[in-house]
Ligand code: MG
């Protein structure tokens, strides 16, 4: 009889723009949910990964890249977390499962000790869940004024994985008198069905990634685990090309330059800003503009490129990095860049909210060789250094 982990990652995360949902964002080069999959793969016989149908390609790529010995089944989730869990439990029915551990895909750093403790405690209990006692004082407050103090006696902070004997939790989910839609978690569903759930000690490192700053905390925990020396600088490069087309002006590094031709592109075709944006994504190890703002998405048609650059800079800040400096080279025979260089530095400085002394924009020709030499388009390259104090 098998022990199975159900990892629930079916949320769609709904920040605006071309955002990748939280559980599929990269943490140290692996999607957040991938960290959970890797950790459970060492402890259980099978993993069921519950995903949104929209994320099938992310999941296929993850499973292919991890190439685990432990089988990973993909199950599509429902419109709520509890429906997603129920789908996974029904998928497992009849597959000789004895214990099931239900884990939140946004908790990537689940320590092996906690997984093993849940599995072992299921020998004596129908339900087992990790938690930490509340040790801070608890208040109620309205408009930032404390209105009451709440006793913390007997209060716990719930974590996952919440473990159950399989048939009992499946029957709890199937019980028509249990309103699974309003239940806070699987423990509540088990309790509504009359089962006792035993608390075991959780772990502070088993954090749920909720806010942008949680990425930094998670990175630090991973570095501590891997004994990685603190790496607080990252370098990235970018390269981009846009062809000339008919027109009367072009955008370069955030400056509108009157010219006898324009640059062709899906957005405003600001080749300088694109290459700088790609360099920042590159330094973070988070792809390029096309990943975050797919050209296939009509909402980015004609988009002003500062949207892309601001996004990349915000991303760096969320990961705890500042832009130390950047250096852009524009490669073209025309237009003349020199008269606009200082305006470009100033435009980029205000978008990136750094001093212009940290920004270099320079230009070169390719000695009339190649496509830039034939004046068919403009190429640009950039290097950026990100620095972190954490
Ligand atoms: Mg481009």
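The values are calculated or read from the model by the stated rules, or taken from the named source; none is laboratory data. Since the model is a prediction, treat every value here as computed from it, not as a measurement. For neighbour counting, all protein chains shown are included, and Cβ atoms are generated from backbone atoms with ideal geometry for every residue, glycine included.
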*Can you confirm whether segment 49-56 contains a residue that is out of contact with any strand residue (DSSP E or B) (no Cβ under 6 Å at 6 or more places or on another chain), at pLDDT below 95 and crowded, with 23+ Cβ neighbours inside 10 Å?*
yes
*asked:* Residues that are over 25 Å from residue 358 (Cα atoms) and part of a strand (DSSP E or B): does segment 262-285 have at least one?
replied: yes
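Scan segment 229-253 for residues that are on the phi > 0 side of the Ramachandran plot and either more than 16 Å from the ligand (Cβ to nearest atom) or surrounded by fewer than 24 Cβ atoms within 10 Å (Cβ to Cβ) (or both) and jot them down.
If the condition is that a residue be on the phi > 0 side of the Ramachandran plot and either more than 16 Å from the ligand (Cβ to nearest atom) or surrounded by fewer than 24 Cβ atoms within 10 Å (Cβ to Cβ) (or both), then 247 is the only one that fits.
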*asked:* Between 289, 328, 359, which is farther than 30 Å from residue 220 by Cα and either crowded, with 18+ Cβ neighbours inside 10 Å or over 25 Å from the mean Cα position of the chain (by Cα) (or both)?
replied: 328
*Only one of (1) within 16 Å of the ligand (Cβ to nearest atom); (2) at positive phi; (3) surrounded by fewer than 22 Cβ atoms within 10 Å (Cβ to Cβ) is not met by residue 320, so which one is it?*
(1)
_Top-ranked residue in segment 261-293 [being away from the ligand (no atom under 13 Å from the Cβ) and free of Cβ contacts under 8 Å to residues at least 40 places away in the same chain; ranked as farthest from residue 24 (Cα to Cα)]_ = 261
*Looking at residue 275, is it surrounded by 15 or more Cβ atoms within 10 Å (Cβ to Cβ) and touching a strand residue (DSSP E or B) at 6+ places or on another chain (Cβ under 8 Å)?*
yes
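Conditions tested, residue by residue: (1) touching a residue at least 12 places away in the same chain (Cβ under 8 Å); (2) assigned to a loop (DSSP other than H, G, I, E, B); (3) within 30 Å of residue 36 (Cβ to Cβ); (4) under 20 Å from the mean Cα position of the chain (by Cα).
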{"residue": "204", "(1), (2), (3), (4)": "yes, yes, yes, no"}
{"residue": "207", "(1), (2), (3), (4)": "yes, yes, yes, yes"}
{"residue": "215", "(1), (2), (3), (4)": "yes, no, yes, yes"}
{"residue": "221", "(1), (2), (3), (4)": "yes, no, yes, yes"}
{"residue": "228", "(1), (2), (3), (4)": "no, yes, yes, no"}
{"residue": "234", "(1), (2), (3), (4)": "yes, no, yes, yes"}
{"residue": "241", "(1), (2), (3), (4)": "yes, no, no, no"}
{"residue": "245", "(1), (2), (3), (4)": "yes, no, no, no"}
